[in-house]
1. Return the FRET efficiency for the residue pair HIS160, ALA19: r is the Cβ-Cβ distance, R0 is 30 Å, and the value is rounded to the nearest 0.05.
2. I need the peptides 6-18, 125-137, 104-116 ranked by packing, meaning the mean over residues of other C-beta atoms within 10 angstrom, with the highest value on top.
3. Ranking request for peptides 86-95, 59-68: highest mean number of other beta-carbon atoms within 10 Å first, then the rest in descending order.
4. Which shape class, rounded, prolate or oblate, goes with the range 54-110 when its Cα gyration tensor gives a ≥ b ≥ c as root eigenvalues, a/c under 1.5 marks rounded, and past that a/b bigger than b/c marks prolate?
5. Kindly rank 77-84, 145-152, 167-174 from highest to lowest mean number of other beta carbons found within 10 Å of each residue.
6. Calculate, in nm to one decimal, what ALA169 and ALA123 gain on full extension: separation in residues at 0.36 nm each, minus their alpha carbon distance.
Amino acid sequence: MPKRPTLADRKRAARDALAAGTETAPPTPDPSSATTATVSPDATNASSAASAASRGGTISVSLTTQQYRDAQAAFLADWEHGGPDTFTAWIETALRTHAVRTSSDRAALAITASGSTRSFRIAEHTRDLIDTAITDDFTAGYWTSISAWAATAITTATQHARTRGPLPAPPTRLPGRLPRKAPR
């Protein structure tokens, strides 16, 4: 009787399947008894759905401490003028706004991403907008990473908030959600 695959074996197989974009059978301990697994259409759809769900879940951005603090301050300034009531919603708004710019505008605003990596939850629709924009950028000859693209979006939104005046000093830790303010 063949040895049952361990949890670590099953996790490794799942990671490999996601990386390859296909479903595979769990690993068998004896290579001579391995059989070729066929992929059903349902398994392919499940793999695509899992990939799409993970794509829309988070975006990782490298920001310096100063860029991050400035973004928090810009969020507070925008909130005072009727903007989003969570920092994550403000980040997502910055990403969507950047995605609708032209490739040449995005290239002109480009910065390099550096610093600590921060992750933000985003909707799948926002991720689709980002992917389309980055593809357009590549087509136009502007090559960038997702992190640098997102850092540019956040920095540009911060600079836009700064045009209304000085930014407030953010607290050490932002509250999860600010009370909703009426637009001015």
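1. Efficiency computed from Cβ-Cβ geometry: 0.20.
2. The most tightly packed comes first, giving 125-137, 104-116, 6-18.
3. By packing density, highest mean first, the sequence is 86-95, 59-68.
4. Since a/c stays below 1.5, the shape of the range 54-110 is classed as rounded.
5. Details: 77-84: 16.9, 145-152: 20.0, 167-174: 11.9.
Put in order of decreasing packing, that is 145-152, 77-84, 167-174.
6. Numbers: separation 46, 0.36 × 46 = 16.56 nm, distance 2.86 nm.
Extending this stretch completely gives an extra 13.7 nm.
No lab work stands behind these numbers, since they all come straight from the coordinates. Keep in mind that this is a model prediction, so the values were computed, not measured. Cβ coordinates were reconstructed from backbone atoms using ideal geometry, including for glycine residues, and neighbour counts include every protein chain displayed.
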